[in-house]
Each structure stands twice: as C-alpha cells, then as structure tokens.
Amino acid sequence: MSEPSGPDAPQNLFDRISSVSGEITAWLTLMMVIVTSVIVVMRYVFDAGLIWLQESVVWMHAVVFMVGAAYTLLHEEHVRVDIFYRTMSARRRAMIDLLGVLVFLLPLCFFLAFKAYDFAAVSWSIHESSREPGGLPYPLIPVLKSIVIVMPIVVASQGISLLLRSIAAIRQE
C-alpha cells in the first residue's frame, strides 16, 4: 500500500496522530525500563520497595500496548495472515483493507470506546485508587483507566486513514 500523497491528503492528520502515539509509546517504554531498573536496585541493594512504583510499571506496560496499537497499524506491523495477502495486487489488498476496516476495525473500536466510557466513568465517580496499601493514589487509576477510551479512538483514526488510502488505491486502478 502506498503512503499518503501530498501534505494535504486527509489521512495525513490521522497518520500524524498515530506517529505521535508511537513516539509516546517509545518514551514510555524507556521510562518503564528505567523504573524497573530502579525497582530492582531498590529491592536487591537496599532491601526496600515502593508498591506504587511497582504498580506504575504494570500500568505503563498496559499503556504501551494500548497507545502503541495505532502506530502498529500505521506501519502495518499488526497481526495478519499474510500468506495470500502479500501475493495479491495492490487493488485487491486495498479491497481487503477497506472491508476489514469497515466490517471489523471500526465497529470494534466504537464498541470498545462505548464500553470503556462506563469503565472509566465509574472509576472517576468513586475516586478509585489502588487496592494495595501504598499503591497508586487517586486520580492516577481513573486517568489510567481513561486510556482505555483513548485506545479505540486512536486506532479508529488510523483505521480511517487506512480506509481513505484503500479507497484511493481502488480508484487508481
């Protein structure tokens, strides 16, 4: 599939959003490695630990996967059965991408965003904090649960970019 053409291509905004999400993911992954190293040193050198710091690694890991999903789709590194797809013409690949976005990706993203809203809203309404003593305080848990709403939005935006790119590829031939 060809990259979007020209700076005014409508999908460029969506691609930029996905690129930013990839950059955030990269920095967050580095932060996760640093924090994990600090936890290991604290535990085995100083025989000390902070529950909130350990919990933060788990949450950062979740955010990496959720926020990085759109970047993965942008660069077509997502899971795909490529046996037939790679041998197809650009037009047929575009048709499959178009159907995949319309039938699977966008409906799933809308469903996830709809369900995630209640999940995050309840967390905000009860001022949720960690269940562990010394864990992450309010409002960090609701903020992190709100990322579950962000994930389908950024993936859907990248899906729209793929949709527009697919339509352009189908029209070219």
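The values are calculated or read from the model by the stated rules, or taken from the named source; none is laboratory data. Predicted model, so just to flag it, every value in this text is computed and none were measured. FYI the Cβ positions are ideal-geometry reconstructions off the backbone, even for glycines, and counts take in every protein chain you see.
Regarding Ala156, is this residue on the phi < 0 side of the Ramachandran plot and in contact (Cβ under 8 Å) with a residue 60 or more places away in the chain?
Details: on the phi < 0 side of the Ramachandran plot: yes; in contact (Cβ under 8 Å) with a residue 60 or more places away in the chain: no.
Answer is no for this residue.
If you go through the range 139-151 one residue at a time, do you hit one that is surrounded by fewer than 20 Cβ atoms within 10 Å (Cβ to Cβ), over 18 Å from the mean Cα position of the chain (by Cα) and either free of Cβ contacts under 8 Å to residues at least 40 places away in the same chain or in a helix (DSSP H, G or I) (or both)? Yes, the range 139-151 has at least one match. Looking across the range 75-126 at every residue that is of a type in the set (D, E, K, R), more than 21 Å from the chain's Cα centre (by Cα) and assigned to a helix (DSSP H, G or I), the one that is surrounded by the fewest Cβ atoms within 10 Å (Cβ to Cβ) is identified as Asp82. Scan the range 48-64 for residues that are within 22 Å of the chain's Cα centre (by Cα) and among the small types (Gly, Ala, Ser) and the total you get is 2.
Within the range 39-63, residues that are farther than 12 Å from Ile141 by Cα sit with their Cβ atoms under 8 Å from residues that are surrounded by 11 or more Cβ atoms within 10 Å (Cβ to Cβ) and of a type in the set (Asp, Glu), at 6+ positions apart or across chains, in these pairs: Ile51/Glu132. Cβ separations smaller than 8 Å between residues 6+ apart or across chains give the following pairs from the range 98-122 residues that are over 21 Å from Tyr85 (Cβ atoms) to residues that are of a type in the set (Asp, Glu): Val122/Glu128.
Listed here are the residues, each with its yes/no results for (1) at pLDDT below 95; (2) more than 24 Å from Val57 (Cα to Cα).
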residue	(1), (2)
Leu98	yes, yes
Phe104	yes, yes
Cys109	no, yes
Asp118	yes, yes
Gly134	yes, no
Pro142	yes, no
Ser157	yes, yes
Ile170	yes, yes
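Considering each of Met60, Met31, Met42 in turn, give the residue that is modelled with pLDDT of 90 or more and surrounded by 16 or more Cβ atoms within 10 Å (Cβ to Cβ).
On the way: Met31 fails: surrounded by 16 or more Cβ atoms within 10 Å (Cβ to Cβ); Met42 fails: surrounded by 16 or more Cβ atoms within 10 Å (Cβ to Cβ).
Answer to the selection: Met60.
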